[in-house]
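Student: Have a look at this one before I ask anything.
The values are calculated or read from the model by the stated rules, or taken from the named source; none is laboratory data. Since the model is a prediction, treat every value here as computed from it, not as a measurement. Note that we place each Cβ from the backbone using ideal geometry, even for glycine, and neighbour counts take in every protein chain shown. Protein only, heavy atoms only, side chains kept; ligands, DNA and RNA dropped before computing areas. Shrake-Rupley method; radii C 1.70, N 1.55, O 1.52, S 1.80 Å.
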Amino acid sequence: MSYNSSTETNCACSKDIKKDEESNFDLVLKEKWMEAQKNGVFRYILNIQDSKILEGKYYFLVQLNIDRGYKRRSPENIISMNQPFNEKDFNFTKLVSKEQIMNLNNTDKDDIIAINASPIEYCHSLLLPQRCKQLPQLVTKHSLLKAIELFSLSLSSYIRVAFNSLCAFASVNHLHWHLYYLRWRMLLEYIVRRRWL
């Protein structure tokens, strides 16, 4: 099944897909993200050329997003999970204002949501907790609480918040979480937990 994520008609592959609810947070995030796309803020227009569900017990969803492979910013050279923050490398204090789409209830703009200029999915954004503190890509208590807070702000059952660490494909060593919507049920939403404990 193929689809273009920018139209929000993505992968209704699961038999349990239902109509989604939206909070004011969801509506604002989607509106600002689409506005940024329309205004050419991204490195490319998100266009998933193909997608497929892999056979097996996990039913992984794989997607073909050629533009991300060719047009994204070159990742940092990450050699350690404890690599210190380097202000000379690209970091999220260098974002231009049109990439910043939401301030999370603080006056210093230290906790914000920004677009991911090289999106992998519909509304792919970045939660940037304590951005001005220039923290490396390691989970902190504050960042985890902010990530959980996003779930409380959203009514969508398709919202996803993800963290990728250094040496696990994080391309920027500045604390961030990924945020996007995906109309595919993740394994943890339907797995029989007793079998895995």
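Student: Please pick out the residue among N105, N164 that is over 26 Å from I79 (Cβ atoms), surrounded by fewer than 20 Cβ atoms within 10 Å (Cβ to Cβ), out of contact with any Cys (no Cβ under 6 Å at 6 or more places or on another chain) and modelled with pLDDT under 95.
Tutor: It is N105.
Student: Could you count how many residues in the range 54-69 are out of contact with any Ser or Thr (no Cβ under 8 Å at 6 or more places or on another chain), modelled with pLDDT of 90 or more and either open to solvent by 80 Å² or more (accessible area, probe 1.4 Å) or of a type in the set (V, I, T) (or both)?
Tutor: 2
Student: From the list L127, L150, which residue is out of contact with any Ser or Thr (no Cβ under 9 Å at 6 or more places or on another chain) and either open to solvent by less than 30 Å² (accessible area, probe 1.4 Å) or at positive phi (or both)?
Tutor: Just a single option satisfies the conditions, and that option is L150.
Student: Evaluate the range 140-153: report whether one residue or more is assigned to a strand (DSSP E or B) and out of contact with any Gly (no Cβ under 8 Å at 6 or more places or on another chain).
Tutor: Checked against the condition, which is being assigned to a strand (DSSP E or B) and out of contact with any Gly (no Cβ under 8 Å at 6 or more places or on another chain), the range 140-153 yields no hits at all.
Student: Mind checking which residues of the range 177-194 are assigned to a loop (DSSP other than H, G, I, E, B) and in contact (Cβ under 8 Å) with a residue 40 or more places away in the chain?
Tutor: Residues satisfying the conditions are L182, R183, W184, R185.
Student: Taking the range 87-139 on its own, how many of its residues are within 30 Å of V62 (Cα to Cα), in a loop (DSSP other than H, G, I, E, B), in contact (Cβ under 8 Å) with a residue 60 or more places away in the chain and of a type outside the set (S, T, N, Q)?
Tutor: 8
Student: Might you let me know whether the range 169-176 holds any residue that is open to solvent by less than 60 Å² (accessible area, probe 1.4 Å), under 19 Å from R68 (Cβ atoms), aliphatic (A, V, I, L, M) and part of a strand (DSSP E or B)?
Tutor: No, there is no match, as no residue in the range 169-176 is open to solvent by less than 60 Å² (accessible area, probe 1.4 Å), under 19 Å from R68 (Cβ atoms), aliphatic (A, V, I, L, M) and part of a strand (DSSP E or B).
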